Ligand code: NDP
């Protein structure tokens, strides 16, 4: 049996239908405006391939206007004079508004990205709300320190020295299409908690929830220019933000290749840069693991969000003793998944975000086939509209194969067996990426010995894809630099200023 059947896309609710009819616009300086160029980007429903709306394609002039508005809001007006507790209150108000509009946001995310409304309502929207709430708390907890110096001088010389932590300034925040609303929250919330101002550029495929969030940001009462939202193309408006001399920091989540471009481009102006990039995360199953737990966990690790997750557990390494049972279980789980449009309550896996992504994933599967991998299940697209790819498990793969080395960003798992637990860390680390890993075992000794050997920003044990606003998130190696969440992200959005006063 193979992953089943599609239902027709369902009609949107009146609130979402009304939102989709609003004219394309940008949020600049607290106002909804059009671009003078009037260029447009179509918004495509990935479950049908049909156009559902249009976005403004921001140009250089729009970038200039947005940067100017963000700079003005950073330096004058109410924002820099606000008390930390007032920034906190605004963030909490925004979180409440997200809660009040949760159903609409989940539906929008579903039709824009393809993910199920159920998952958007369970994970993306509450996660977004919780992120704003968590970061609201940080607004009132930012602190500096006093310093004892040894600066000499004539008798009686004394200095009072201290360190202030100040907002880094105007931040360009470029986000991808896999978790559009949540990624916007990961970027905006720490910037706003610390007193920065922002220009958010959502992905061209999935800008709808960022625009709805912009409406809620205005409703919450953030001063004009504190948050600006530019829809547009990465290579034009995104690149212009990165190279702009009046932007102080770029925060980016997306592909490693674009992350490298951004890092290079930002060097000319020596901007602060944080990069959360791709991954090829290993799921390591030790010989003592509980098979039923592993099967559910490994299937979830790769198929969640149709595999479009930077931390997707895309390389499964199972000890020889359990390999056949675990792989058989994951194949059965893949076969039982119902594919369909995100608004259908029966759907378990939605389409990929775009035709381009569907083709990219299918090319990877073909490359696996041509290099000798066995397709245990999936490996094809269903014969109906929409950008679906059946959940796929590849076996008989070798470490040098493209499907093992490169990030596929789709529902494609490569399964490999191992014999020696002492060699698994080297195998798992044999990748340019280092975002995350999971270990499945109840052998505490083995687990604790393995954790320090894994070159990954997050290691999960008997779980995968668990994130929390208080838990630093980011990558080793080519998975990026900097950490989001927790205290670490507050450091990324602040500069230290040493003050030394002769007294
Ligand atoms: P990109 O890295 O191109 O897109 C991420 C964001 O960067 C988007 O907002 C995009 O704009 C923007 N962008 C693109 N080029 C530039 C540029 N030169 N300067 C500034 N901003 C830019 O991802 P893709 O959409 O092309 O996806 C390709 C692959 O990237 C996927 O297959 C996957 O492997 C990986 N990826 C990883 C993600 C992660 O979470 N780590 C998320 C998404 C993708 P726009 O799209 O609007 O043109």
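Annotations
- Residue check for residue 270: within 30 Å of residue 422 (Cα to Cα) and either in a loop (DSSP other than H, G, I, E, B) or touching a strand residue (DSSP E or B) at 6+ places or on another chain (Cβ under 6 Å) (or both): no
- Of the criteria (1) under 14 Å from residue 189 (Cα atoms); (2) out of contact with any helix residue (DSSP H, G or I) (no Cβ under 8 Å at 6 or more places or on another chain), which one residue 91 fails: (2)
- All positions within region 243-260 that are in contact with a helix residue (DSSP H, G or I) (Cβ under 7 Å, 6 or more places away or on another chain) and more than 14 Å from the ligand (Cβ to nearest atom): 246
- When we screen 389, 397, 414, 403 for residues that are closer than 23 Å to residue 255 by Cα, in a loop (DSSP other than H, G, I, E, B) and either within 16 Å of the ligand (Cβ to nearest atom) or touching a helix residue (DSSP H, G or I) at 6+ places or on another chain (Cβ under 7 Å) (or both), the only hit is 389.
- If you go through region 138-162 and pick out every residue that is out of contact with any helix residue (DSSP H, G or I) (no Cβ under 7 Å at 6 or more places or on another chain) and surrounded by 14 or more Cβ atoms within 10 Å (Cβ to Cβ), you end up with 3.
- Region 345-381 - residue that is in a loop (DSSP other than H, G, I, E, B) and within 14 Å of the ligand (Cβ to nearest atom) and, of those, surrounded by the fewest Cβ atoms within 10 Å (Cβ to Cβ): 354
- Subset of region 213-241 (residues that are within 16 Å of the ligand (Cβ to nearest atom) and outside any helix (DSSP H, G or I)): 228, 229, 230, 231, 232, 233
- Extreme residue, surrounded by the most Cβ atoms within 10 Å (Cβ to Cβ), among residues of region 288-305 that are within 16 Å of the ligand (Cβ to nearest atom) and within 18 Å of residue 428 (Cα to Cα): 302
- Conditions (1) farther than 25 Å from residue 62 by Cβ; (2) without any contact (Cβ under 8 Å) to a residue 12 or more places away in the chain: number failed by residue 215: (1)
- Tallying residues that are within 11 Å of the ligand (Cβ to nearest atom) and not in a helix (DSSP H, G or I) within region 171-208 yields 16.
- Residue match in region 138-145 (condition: out of contact with any strand residue (DSSP E or B) (no Cβ under 7 Å at 6 or more places or on another chain) and assigned to a helix (DSSP H, G or I)): yes
- Top-ranked residue in region 306-324 [being surrounded by fewer than 24 Cβ atoms within 10 Å (Cβ to Cβ) and farther than 19 Å from residue 474 by Cα; ranked as farthest from the ligand (Cβ to nearest atom)]: 321
- Top-ranked residue of region 261-271 - restricted to ones that are more than 7 Å from the ligand (Cβ to nearest atom) and under 21 Å from residue 184 (Cα atoms), ranked as nearest to the chain's Cα centre (by Cα): 263
A short reminder: the numbers here are calculations on the coordinates, not readings from a lab. None of the values given here were measured: they were computed from a predicted structure. Please note: Cβ atoms are built from the backbone with ideal geometry, for glycine as well, and neighbour counts cover all protein chains shown.
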